[in-house]
1. Taking into account only those residues within segment 124-138 that are touching a residue at least 60 places away in the same chain (Cβ under 8 Å) and in a helix (DSSP H, G or I), which is surrounded by the most Cβ atoms within 10 Å (Cβ to Cβ)?
2. Whether any residue in segment 4-22 is modelled with pLDDT under 90 and either of a type in the set (Gly, Ala, Ser) or within 20 Å of residue 150 (Cα to Cα) (or both) is what I want to check.
3. Starting from residues that are in a loop (DSSP other than H, G, I, E, B) and of a type outside the set (Ser, Thr, Tyr), keep the ones in segment 67-86 and report whichever is surrounded by the most Cβ atoms within 10 Å (Cβ to Cβ).
4. May I ask you to list the residues in segment 87-114 that are of a type outside the set (Lys, Arg), in a loop (DSSP other than H, G, I, E, B) and modelled with pLDDT of 70 or more?
5. Of everything in segment 23-39 that's assigned to a loop (DSSP other than H, G, I, E, B) and modelled with pLDDT of 95 or more, which residue is surrounded by the most Cβ atoms within 10 Å (Cβ to Cβ)?
6. Of the residues in segment 42-95, how many are within 18 Å of residue 31 (Cβ to Cβ), without any contact (Cβ under 8 Å) to a residue 12 or more places away in the chain and under 13 Å from the mean Cα position of the chain (by Cα)?
Amino acid sequence: MDDLARALLAGKRQHPFEAAEVDVPGIYAWWATSTLPWPGDFPYVDHTLPLYVGIAESETLSERIVGCHLSRTRGSALRRSLSALLLDDLNLGPHIVPGTAKRRSKFGMTSDGEALLTEWMLANLEVSWVAVDNPGPLERTVVGTLLPPLNDALATGSPFRALHN
C-alpha cells in the first residue's frame, strides 16, 4: 500500500471543525462515524474505510474541508454525492441553476437543503488529513489505492463503480 494512503488511514479522525486552523496543503479523507445505512443499492461501506478522499493544493486544508465541503454543494463533489444519496431521506430540496450558451446548468440546493446536509455531515462524518506539499500528483495513487466510493473520479476500481457501470 502507498505510504501516503497508509498515513491517511492511520490519521486521527476528527470532527470537521478541527481542521479550521490547518493552514497548509495536503490530502484528506472523510469517514463515516459508524457504518451508515445507505439508501437503495449503494454498496456496504465499512466505517474503517474512507468515503471520500480529496486534496487541498491551491487552498489550505482548512479552506477545503471547512470552507468548501461544509458550505455549498455546487463547489464540492463530496456534497454532490451525498446530496444525491440523501436527497429524499433528508428532503434536501434540489435546485437547478439554468445554464446559458456559455455555461452548463448546475446542481445546487435551497439554503434549507444546504443547512440540512451540513448538519447531517457534522453529525455523521469525521475527517483525517496528512499535510503534504504539492498533493496533486499523489491524488491518483491514493484514491486508486483506497477506492473511496464517493469519489466521482480516479476510483475506477471501487465496488460502487462496478455496480453502476
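The values are calculated or read from the model by the stated rules, or taken from the named source; none is laboratory data. Because the structure is predicted, anything quoted here is derived from the model rather than measured. Note that we place each Cβ from the backbone using ideal geometry, even for glycine, and neighbour counts take in every protein chain shown.
1. Ranking the qualifying residues of segment 124-138, first place goes to 138.
2. Checked against the condition, which is being modelled with pLDDT under 90 and either of a type in the set (Gly, Ala, Ser) or within 20 Å of residue 150 (Cα to Cα) (or both), segment 4-22 yields no hits at all.
3. Applying the first criterion (in a loop (DSSP other than H, G, I, E, B)) to segment 67-86 yields 69-72, 76.
Going one step further and asking which of them are of a type outside the set (Ser, Thr, Tyr), we end up with 69-70, 72.
Details: 69: 25, 70: 21, 72: 16.
Ranking the candidates gives 69 first.
4. Matches in segment 87-114: 91, 92, 93, 100, 101, 110.
5. Of everything passing the filter in segment 23-39, 25 is surrounded by the most Cβ atoms within 10 Å (Cβ to Cβ).
6. 2
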